[in-house]
1. Taking the Cβ-Cβ separation of residue 263 and residue 177 as r and a Förster radius of 30 Å, what is the calculated FRET efficiency to the nearest 0.05?
2. Per residue, how much accessible area does the range 236-387 show when a 1.4 Å probe rolls over the protein heavy atoms, in square angstrom?
3. With only alpha-carbon atoms counted, please give the Rg and Dmax of the chain, in Å.
4. Show me, for the range 120-129, the HN-Hα J-couplings you get by feeding each phi into the Karplus relation (A = 6.51, B = -1.76, C = 1.60, θ = phi - 60°), rounded to Hz, glycine and proline as x.
5. Where nothing but the Cβ of Lys and Arg (+1) and of Asp and Glu (-1) is charged, how large is the charge dipole of the range 285-387 around its Cα centre, in debye to the nearest 20?
6. Grab the DSSP H runs of the chain that are 4 residues or longer, score each as -39,500 (n - 2.57), total them, divide by all residues and round the 222 nm result to the nearest 500 deg cm²/dmol.
7. Suppose each label sits 7 Å from its Cα in the direction of the beta carbon; what would the residue 279-residue 102 distance come out to in nanometres?
8. By its C-alpha gyration tensor, with a ≥ b ≥ c as the square roots of the eigenvalues, how is the range 138-282 shaped: rounded for a/c under 1.5, else prolate for a/b larger than b/c, else oblate?
Amino acid sequence: MKQIASRTAVAAFALALVLGLPACKKEQPAPGESTPTKGLPQMDVKNQSFDSLPDGTAVELYTLTNDKGLRARLMTYGATLVSLEVPDKNGRLGDIVLGYDRLDGYVKNSPYFGSIVGRYGNRIAKGRFMLDGLIYRLATNNGENHLHGGVKGFDKVIWKAEPVKEAGAVGVKFSYLSPDGEEGYPGNLKATVIYTLTNDNELRISYEATADKATPVNLTHHSYFNLAEGKNDILGHELMLNAARFTPVDKGLIPTGELAPVQGTPMDFTTPTAIGSRIVQVEGGYDHNYVLNRSGEGLSLAARLSDAQSGRVLEIKTTEPGIQFYSGNFLDGTITGKSGLVYRKHYGLCLETQHFPDSPNKPMFPSTILKPGETYKSLTVHKFTTR
Ligand code: GLA
């Protein structure tokens with residue numbers, strides 16, 4: 001191949017001379033051959049086989065790399081973000097999402113580590129809702145409630161995947177057809193989720209869905225972030241949430257329907273505040289939906305998370321009206337994750353952009369009903385910087 005490449009280059013050089021064209025000094029790579037990088041990372045998307053499910057179904061792993069060396073690994077099981085390596089203030093890359101080294105862990109016991117959650121992110125009270133005069137009953141998998149799409153939600157299915165290459169970005173497009181009646185939901189739902197890693201150090205997640213019957217849809221992404229690479233808890237991380245109100249919940253974590261002001265309460269993250277500074281005042285820890293301050297449609301600032309020690313900063317923008325801030329309250333040290341790290345309480349936190357929980361039963365909340373002929377669209381952008 002190399003021989004052919006250099007012969008081609010010599011021929012091109014000779015031809016350039018004959019035609020009087022400015023001869024390019026640098027040797028051009030042959031088609032399919034990558035440009036020499038002198039050790040610098042280069043934007044790329046690669047796929048390989050990861051492992052197989054107990055029933056033999058193959059699971060693929062896609063690795064996205066941008067020009068700065070940031071690396072995201074995604075698998076077809078649950079359209080899951082398996083790892084996300086971003087630089088610290090010294091330029092050293094580290095993985096800032098919790099998970100497992102192997103597929104096995106995700107299949108046996110995963111609290112939605114890095115996965116896409118659907119058809120409905122978060123809870124629907126008693127797994128029941130009424131739509132166009134009909135009562136629908138969904139699978140209940142969280143006490144009497146329906147959580148994150150049910151017993152076998154979008155986090156536990158195999159998605160089709162194809163690589164995506166754009167100017168300044170690489171990605172993976174995942175697609176899944178959720179059949180009519182799956183987990184009790186009406187209609188066939190075609191869902192696509194595209195993850196892209198840009199050369200501006202952004203991880204963008206864009207969602208689309210269409211259905212042949214009216215159905216609730218509320219897709220989200222469930223990474224557990226730990227900007228200190230999972231070595232400590234996240235109580236020292238500082239968080240800013242661009243939200244003046246939140247949706248208070250009952251004991252089963254179902255919103256009461258009220259939009260309450262955060263001002264003067266431990267729920268207030270309108271200015272950057274250490275997560276641990278008031279967490280003891282919040283029963284069970286943070287697991288609440290915040291009502292984002294936004295004007296109009298389009299991307300709007302939702303959250304900024306930072307860790308002083310590593311210097312890493314994560315900023316989240318979204319088109320969604322809400323964000324679930326979950327402080328990893330149910331992690332209890334029984335999971336040993338990547339590189340043998342033990343995930344204790346508050347060792348990771350989730351910032352799930354979404355519509356509000358239990359919207360199908362709360363007419364006062366923004367609607368989550370997708371009708372035939374409409375297209376569900378949602379975009380969330382995670383931007384990584386350091387300071
Ligand atoms: C969400 C929920 C939490 C919990 C986690 C997964 O964030 O709001 O109550 O179910 O997912 O463990």
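The values are calculated or read from the model by the stated rules, or taken from the named source; none is laboratory data. Note that the structure is predicted; figures quoted are calculated from it, not measured. We place every Cβ from the backbone using ideal geometry, glycine too, and count neighbours over all the protein chains shown. What goes into the accessible areas is simple: the full protein's heavy atoms, side chains included, and nothing from ligands, DNA or RNA. Shrake-Rupley method; radii C 1.70, N 1.55, O 1.52, S 1.80 Å.
1. 0.10
2. 43 Å²
3. 22.9, 81
4. 9, x, 6, 9, 10, 4, 6, x, 9, 7
5. Once rounded to the nearest 20, the dipole reads 300 debye.
6. The helix contribution divided over the chain gives -2000 deg cm²/dmol.
7. Computed distance between label sites residue 279 and residue 102 equals 3.0 nm.
8. oblate
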